[in-house]
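A quick write-up on the structure given underneath.
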Amino acid sequence: MSDVYESLVSIIGEDFVSNRQEELDFYSRDPGVMPPHMPDYVVMPRTTEEVQQVVKLANKERIPVVPKGGGLALTGLVIPLRGGIVMDMKRMDQIIEVNARNRYVVVEGGVSQGILKAYLEDNYPDLRHSVPEAPPIATIAANAVLHGQGRLSQQYGFNSDMVNGFEVVLPTGEICKI
């Protein structure tokens, strides 16, 4: 397993890979009632390429990967039931593009609802956006995947209905734009 740790460090950097007990313990649970399950490693990628390399390594070594946004799910979705790698997306926090005319934004996987809301209110005060019935640390990606609701849901549907696309890393490491 130390080879895996060294490989993760070479991909992401020593400051953003951990196998220390206190950090593994933190990532072993969510706010729900499921019992904790320890991951083997925690990584915090900054780029899609780093995600891609970690996923390729995990696929080669047959190690499960559990992505984590805000970690708010009460249902065990971010608990590493079979150990493996927890991929904390918090460093992928960039708002890449806002197109007010066509009413869309492009964000990275770790952007939270609170960060986006504050950014839009400061820079695009006339642009309406859906704020979910979730805490501000909930990520845009997780809210969409969980079919979240917001204050525009009655008019435009669930937050997942308002997603126009995703860029995802498949288990093989391929990048797919949907």
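Residues in region 31-46 that are part of a loop (DSSP other than H, G, I, E, B), out of contact with any Lys or Arg (no Cβ under 9 Å at 6 or more places or on another chain) and either of a type in the set (Val, Ile, Thr) or open to solvent by less than 40 Å² (accessible area, probe 1.4 Å) (or both): Gly32, Val33, Pro39.
Of the residues making up region 154-174, those that are open to solvent by 70 Å² or more (accessible area, probe 1.4 Å) and at pLDDT 85 or above number 5. Scanning region 93-118 for residues that are assigned to a helix (DSSP H, G or I) and either open to solvent by less than 50 Å² (accessible area, probe 1.4 Å) or modelled with pLDDT of 95 or more (or both) gives Gln113, Gly114, Leu116, Ala118. Evaluated against (1) open to solvent by less than 50 Å² (accessible area, probe 1.4 Å); (2) at pLDDT 75 or above, Gly150 falls short on exactly one condition, (2). Selection of region 50-82 for residues being small (Gly, Ala, Ser), modelled with pLDDT of 85 or more and over 12 Å from the mean Cα position of the chain (by Cα) yields only Ala58.
The values are calculated or read from the model by the stated rules, or taken from the named source; none is laboratory data. Computed from a predicted model, the values in this text were never measured in an experiment. Backbone-built Cβ (ideal geometry, glycine too); neighbour counts: all protein chains shown. We work out accessible area using only protein heavy atoms, side chains counted, and drop any ligands, DNA or RNA first. Shrake-Rupley method; radii C 1.70, N 1.55, O 1.52, S 1.80 Å.
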